[in-house]
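Inspection log for the structure reproduced underneath, given as structure tokens.
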Amino acid sequence: MDKEYSRQIYNELINGWVINKQVMEGDLLVPNPLYDELASALNREHYIQLYSCIGYELKEMGGCFFLNELNKNDVLSDAAMRIQVMLVVLVRGTSQLPQVTSIVTTHRAGLTRDQVGKIGMVDEYQQMLRAVGLKGSFEKEVENILVMRKLAYWNHLDRLVLSTGGVALVERMQLEIEAMKIQAASD
């Protein structure tokens, strides 16, 4: 284990950030050494045990690592609920601009700040945000919730793009919706 990386990883994870497989450097996506440190076969078990000892579960999903508190009984935290609502609003809003949703997942594309602002003006989305306690403008909440936690970033063109962690969460939410549809159809 690299001591300096270990400290950086702890600081990021304990603050509720995800550690993505790749990060933006200029206009390129480059490997993230913190992710590589966690993903290393030599280190992985040590990190899992370390975080378990302090009450957390180190999770990997679709090219990112994050922490879950142990013994939470699958109850969504306020933070997790807000993240999910923000992602739902962002993806739905993108498709209603109209744009293909891949614009927000492609590191050289992304949504302009004006487009993000337009999404935030839709009354239905404002109601969804208020329902989970988000009272700021959509742009501000994108910054505070998605960008701060490294689920999204502003690329070299100053356009909003979901990180590998953000994309993984959207994909997981879509799979859960499909599973619920299948379950409902079989009932």
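For the stretch 48-174, with all protein chains in place and a probe radius of 1.4 Å, 50% of the accessible heavy-atom surface sits on carbon or sulfur.
With contributions of -39500 (n - 2.57) from each DSSP H run of at least four residues, the per-residue ellipticity at 222 nm computed over the chain stands at -15000 deg cm²/dmol.
Here's the picture: charge each Lys and Arg Cβ at +1 and each Asp and Glu Cβ at -1 in the stretch 3-69, and of I19, L38, Y56 the one pushed furthest to the positive end of that dipole is Y56. A crude spin-label estimate for the pair M128 and Q96, with each label 7 Å from Cα along the Cβ direction, gives 0.8 nm. Only helices reaching 20 angstrom along their own axis (Cα) with mean Kyte-Doolittle hydropathy no lower than 0.0 count here, and for the DSSP H runs of the chain these are 78-96, 164-186. Overall size of the stretch 78-184 from C-alpha positions, given as principal axis extents largest first: 42, 29, 26 Å. Across the stretch 50-129, Cα pairs under 8 Å and at least six residues apart give a relative contact order of 19 percent. For the chain, the per residue solvent-accessible surface stands at 58 Å², with DNA, RNA and ligands left out and a 1.4 Å probe. Computed from phi, the 3J(HN,Hα) profile of the stretch 147-160 under the Karplus parametrisation 6.51, -1.76, 1.60 (θ = phi - 60°) reads 6, 4, 8, 6, 8, 8, 8, 8, 7, 5, 9, 6, 10, 7 Hz, with x in place of Gly and Pro. With Cβ to Cβ distances under 13 Å as the rule, what net charge do the other residues near G166 carry (K, R +1; D, E -1)? For residues surrounding G166, the net value is +3. In this rough spin-label picture, where each label sits 7 Å from Cα along the Cβ direction, the N71-E139 distance is 4.5 nm. Dividing the convex hull volume of the alpha-carbon atoms in the stretch 16-168 by its residue count gives 107 Å³ per residue.
What FRET efficiency comes out for the pair A41/D114, r = Cβ-Cβ distance, R0 = 45 Å, nearest 0.05? Could you put the intermediate results ahead of the total?
Values: r = 45 Å, r/R0 = 1.00.
The value I calculate is 0.50.
Remark on A152: its backbone amide H falls under 5 Å from those of V147, S163, a criterion applied only to residues 5 or more positions apart or on other chains, H modelled at 1.01 Å from N.
Surface listing: L169, L175, L134 arranged by accessible area from highest to lowest gives L175, L169, L134, probe 1.4 Å.
The values are calculated or read from the model by the stated rules, or taken from the named source; none is laboratory data. None of the values given here were measured: they were computed from a predicted structure. Quick reminder, even Gly has a Cβ in these numbers, built from the backbone with ideal geometry, and neighbours come from all protein chains shown. All accessible areas refer to the heavy atoms of the entire protein, side chains included, with ligands and DNA or RNA removed. Shrake-Rupley method; radii C 1.70, N 1.55, O 1.52, S 1.80 Å.
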